[in-house]
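Working notes for the structure below.
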Amino acid sequence: MVGEELTEQETALYDRQIRVWGADAQRRLSKSHILVYGMKGTITEFCKNIVLAGVGSLTLVDDRAVTEEALSANFLMPPDENVCSGKTLAELCRDSLNEFNPMVRVSVEKGDLTSFGAEFFDKFDVVVLSFCSLATKKLINERCRKLSKRVSFYTVDCRDCCGEIFVDLQKYNYAMKRQDETTECELQYPSFQEAISVPWRSLPRKVSKLYFAMRVIERFEEAEGRKPGEICIEDLPAVLKLKKEICEAQSLNESHIPNALLERLVMGAREFPPVCAIIGGILGQEVIKAISGKGDPLKNFFFFDSMDGKGIIEDISDPNPKG
């Protein structure tokens, strides 16, 4: 990206945001390549935001056909059902996103994400996964980490009125500006596997209850061979039983994971559009920070629950990492 300047057309189109974060940040955005998997409501909000911001290219992966759920939370879906016939979610979202900003190249890649090799992920600067299984999150995160260049990795999940973002920027350097002084900073991020492997008893007492609850739901879906979101109220007794087992194994008091919170996550497996807008907005902001190198990045989990209206950042890292 070094040495590649903005074109006159880009400078004119992005004039207002260049005034906010500068020409260098916009240049980095315009040369960046983003991969997104899982065209859920939260992800469509994210895609809209980064396309309008002016990234270089956006590649979408989601071979699913349109469902009633997609129509309820995905505003990129066309109102005419005849247009949806024979097209995947990714293809329909691409068609809509192309209208937002013709300067951004939006494309579709078909296939199973887990079957793509390292050379595929090496083409991107940022990889974002939505509503993936626990195994897929671990696998893709590790593939990104094994590349010769640094690839920023994110996962996002939104269930009912709750949302979670995970961030792995690996070894990340950025400029922190306070008043007239700029300080060069460095952060070391754990992988998704490393983060969720931190013993619960070693975490601060006030860690978000959503962190624990999401791990229980994740583990339940994996144990039952379910796809993310394939859960219902009839599963609640089994989920509560698993919670008890995990808490005993982790030496954590069960009160840290309220049954009422798990019930909400089980009953509200679908996304809540207003929460999609909030979580998608935060995710877009964080990706722009990571690409531009400006602003304090999130490390390494973000949680939002509309029941109390709070957004919480949690650093879930091993205080004594090996090596």
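Details
- Answer residue from the stretch 105-116, given it is closer than 19 Å to MET77 by Cα and of a type outside the set (D, E, K, R) and is most open to solvent (accessible area, probe 1.4 Å) among those: SER107
- Among the residues making up the stretch 228-275, those that are small (Gly, Ala, Ser) and either crowded, with 18+ Cβ neighbours inside 10 Å or within 29 Å of TYR37 (Cβ to Cβ) (or both) are GLY229, ALA238, GLY268, ALA269.
- Within the stretch 27-51, tally of residues that are open to solvent by 10 Å² or more (accessible area, probe 1.4 Å) and either part of a loop (DSSP other than H, G, I, E, B) or among the small types (Gly, Ala, Ser) (or both): 3
The rows are residues; the columns are (1) part of a strand (DSSP E or B); (2) open to solvent by less than 20 Å² (accessible area, probe 1.4 Å); (3) in the same structural domain as ASN74 (by TED's automatic domain parsing); (4) at pLDDT below 95.
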site	(1), (2), (3), (4)
PRO102	no, no, yes, yes
PHE124	no, yes, yes, no
VAL127	yes, yes, yes, no
LEU139	no, no, yes, no
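- Any hit, the stretch 305-319, residues being small (Gly, Ala, Ser), touching a residue at least 40 places away in the same chain (Cβ under 8 Å), out of contact with any Leu (no Cβ under 9 Å at 6 or more places or on another chain) and open to solvent by 20 Å² or more (accessible area, probe 1.4 Å): yes
- Residue within the stretch 144-161 that is buried (at least 18 other Cβ atoms within 10 Å of the Cβ), among the small types (Gly, Ala, Ser) and within 15 Å of the chain's Cα centre (by Cα) present: yes
- Test: residue in the stretch 171-187 that is touching a helix residue (DSSP H, G or I) at 6+ places or on another chain (Cβ under 6 Å) and either surrounded by 16 or more Cβ atoms within 10 Å (Cβ to Cβ) or not assigned by TED's automatic domain parsing to the domain that holds PRO258 (or both): no
- Total residues in the stretch 1-26 satisfying the condition of being open to solvent by 60 Å² or more (accessible area, probe 1.4 Å), assigned to a helix (DSSP H, G or I) and among the aliphatic types (A, V, I, L, M): the figure is 3.
- Within the stretch 290-304, being open to solvent by 30 Å² or more (accessible area, probe 1.4 Å) and assigned to a strand (DSSP E or B) holds for one residue alone: LYS294.
- Taking the stretch 81-90 as the range and being surrounded by 15 or more Cβ atoms within 10 Å (Cβ to Cβ) and over 20 Å from the mean Cα position of the chain (by Cα) as the test, the residues that pass are CYS84, LYS87, THR88.
- Condition check for VAL216: without any contact (Cβ under 8 Å) to a residue 60 or more places away in the chain, open to solvent by less than 70 Å² (accessible area, probe 1.4 Å) and more than 29 Å from LEU240 (Cα to Cα): no
The values are calculated or read from the model by the stated rules, or taken from the named source; none is laboratory data. Note that this is a predicted model, so its numbers are computed, not measured. Because the Cβ atoms are built from the backbone with ideal geometry, glycine has one as well, and the counts that use them run over all protein chains shown. The accessibility values were calculated without ligands, DNA or RNA, using every heavy atom of the protein model including side chains. Shrake-Rupley method; radii C 1.70, N 1.55, O 1.52, S 1.80 Å.
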